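J.: Please find one structure pasted underneath; my questions will follow.
The values are calculated or read from the model by the stated rules, or taken from the named source; none is laboratory data. Fair warning: this is a prediction, and the values are worked out from it, not measured in the lab. A quick note on method: Cβ atoms are made from the backbone with ideal geometry, for glycine too, and the neighbour counts reach across all protein chains shown. Calculation scope for accessible area: heavy atoms of the full protein, side chains included, ligands and nucleic acids excluded. Shrake-Rupley method; radii C 1.70, N 1.55, O 1.52, S 1.80 Å.
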Amino acid sequence: MTTIDAGQWLAGLNETIFPEAPLTADAGGTFAGQFRRRVLSSVYQPVLSTVDGATVAHSARVRVSFEGQPEAPAGVFAITGPDSLVVQLDRSARTLHALNYYPKARATWRLFLRVQARLVESVGSGHGRVFEGILGRLGVPTKDVVIELPRHPNEDPALYARALLSYRSLGYRVASECLDLDDPLLSGRYEVIPDIVAVDPRWLPDRSALDRLIGQIRHRGATALVHRIESLEHAEHAVAAGADLLQGFHLGRPARRPETVKLDTDLAKLHRSARETVA
């Protein structure tokens, strides 16, 4: 798109898709969101592969400021008002992340984008179709986007399956979090499971629980992502347990510009050793 075309396209989105959460661009081409006198910006945290230790994706998060002071993003999304307003804000935030990410991203990277539970519940069908059109104008295939799909607050397997299958039918990959070994996502209550299952090691009682949980995830045919890794010990345990992907402050903090991070050589060797042991 030319500069004029891009400006007209963005103006059209602001008018038709998210009029109450419009996007703007500065002279340097960095985009920001506007919502109820708040300013929304993007940060990206690296996601690393344990196979070769390389950065393979980034997880996007929104940052919020009010009159120059930071605010908790959760407060913005916990807004009162009609569901249609939440849908606007959610779509605006995902578009913001995509606009700021893809001019800087490598062709092999994927972008993880979170959707809000109220959007999942309020959009009756065709989850992901509006955003597919936005990505198409940016020249980004849906296969390069991972939708982080929540299951709460209602824990409705039918609703979750409908949303997951809709996103998947359009080419997106889907990720969701699993809390423990008894999580309904893996216990059989859910008929479909996501492509990527994320695990927070802080919720697990010991290392053996992480081993069993990752084994269960891989047995179901999903990719195991261990996130919120905050120490070398977390990283070592995750790699030894057979995790496919890693994410956390110990490996790379969220930054406005997507960064390239490499897994420590010793951890990569540990991964190979763990896989050879399993084989």
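J.: When all protein chains stay in place, what accessible area (Å², nearest 10, 1.4 Å probe) is found for His227?
T.: Result for His227: roughly 20 Å² accessible.
J.: Then there's this: Which percent, to the nearest 5, of DSSP beta bridges fully inside the chain are antiparallel? Can you show the working numbers first?
T.: On the way: 23 of 43 bridges.
In the chain, approximately 55 percent of DSSP beta bridges are antiparallel ones.
J.: As a test of reading the structure, rank Asp206, Asp144 by solvent-accessible area (1.4 Å probe, protein chains only), most first.
T.: Working: Asp206 80, Asp144 25 Å².
These residues rank, largest area first, as Asp206, Asp144.
J.: A further question follows. Just to check I understand the Karplus step: with θ = phi - 60° and J = 6.51 cos²θ - 1.76 cosθ + 1.60, what whole-Hz values come out for the stretch 252-261, glycine and proline as x?
T.: Values, residue by residue: x, 8, x, 9, 5, 10, x, 10, 9, 10 Hz.
J.: Taking each pair of different alpha-carbon atoms in the stretch 33-103 once, compute 1/r for the pair, average those values, and report the inverse of that mean as the Kirkwood hydrodynamic radius in Å to one decimal.
T.: Details: mean 1/r = 0.0739 Å⁻¹.
Taking every pair of different Cα atoms in the stretch 33-103, averaging 1/r and inverting gives 13.5 Å.
J.: Would you grab the residues whose amide H sits under 5 Å from the one on Arg63? Only those 5+ places off in sequence or on another chain, please, with H modelled 1.01 Å from N.
T.: Sorted by chain and number, the residues that satisfy this are Ser41, Ser42, Val43.
J.: Also, quick follow-up: For Glu236 and Ser187, what is the calculated FRET efficiency with R₀ set at 35 Å and r taken between the beta-carbons, to the nearest 0.05? The partial results should precede the final answer.
T.: Numbers: r = 28 Å, r/R0 = 0.80.
So, using R0 = 35 Å, E works out to roughly 0.80.
J.: Would you kindly find the accessible area of Ser125, with a 1.4 Å probe and non-protein molecules such as ligands, DNA and RNA excluded, rounding to the nearest 10 Å²?
T.: 90 Å²
J.: Counting pairs of Cα atoms in the stretch 177-262, how many percent are more than 19 Å apart? Could you put the intermediate results ahead of the total?
T.: On the way: 1307 of 3655 pairs.
The answer is 36 percent, as a whole percent.
J.: Also: Compute the label zone of Gln34 within the stretch 70-93: residues whose backbone N is under 17 Å from the point 7 Å along Cα-to-Cβ.
T.: 89, 92-93
J.: Using only the Cα atoms of the chain, construct the convex hull and provide its projected area averaged over every direction, in square nanometres to one decimal. All intermediate terms of the calculation are to be shown ahead of the outcome.
T.: Working: hull surface 59.9 nm².
If you wrap the Cα atoms of the chain in a convex hull and average its projections, you get 15.0 nm².
J.: Suppose accessible area is computed on protein heavy atoms with a 1.4 Å probe; arrange Trp9, Trp109, Trp203 from highest to lowest.
T.: Most to least solvent-accessible, the answer reads Trp203, Trp9, Trp109.
J.: Between Ser169 and Arg253, what is the spin-label point distance in nm, taking each point 7 Å from the Cα along the Cα→C-beta axis?
T.: Each label point is offset 7 Å from its Cα along the Cβ direction, giving 4.4 nm.
J.: Then there's this: Express in Å², to the nearest 10, the accessible area of Arg63 obtained by rolling a 1.4 Å probe over the protein heavy atoms while all chains stay in place.
T.: 100 Å²
J.: When only DSSP loop residues count, what GluC sites (Glu not before Pro) in the stretch 131-233 have their Cβ near at most 16 other Cβ atoms within 10 Å?
T.: Values: sites: Glu132, Glu148, Glu155, Glu177, Glu191, Glu230, Glu233; in loops: Glu155, Glu191, Glu230.
When the GluC sites (Glu not before Pro) of the stretch 131-233 are filtered for loop state and at most 16 Cβ neighbours within 10 Å, Glu155, Glu191, Glu230 remain.
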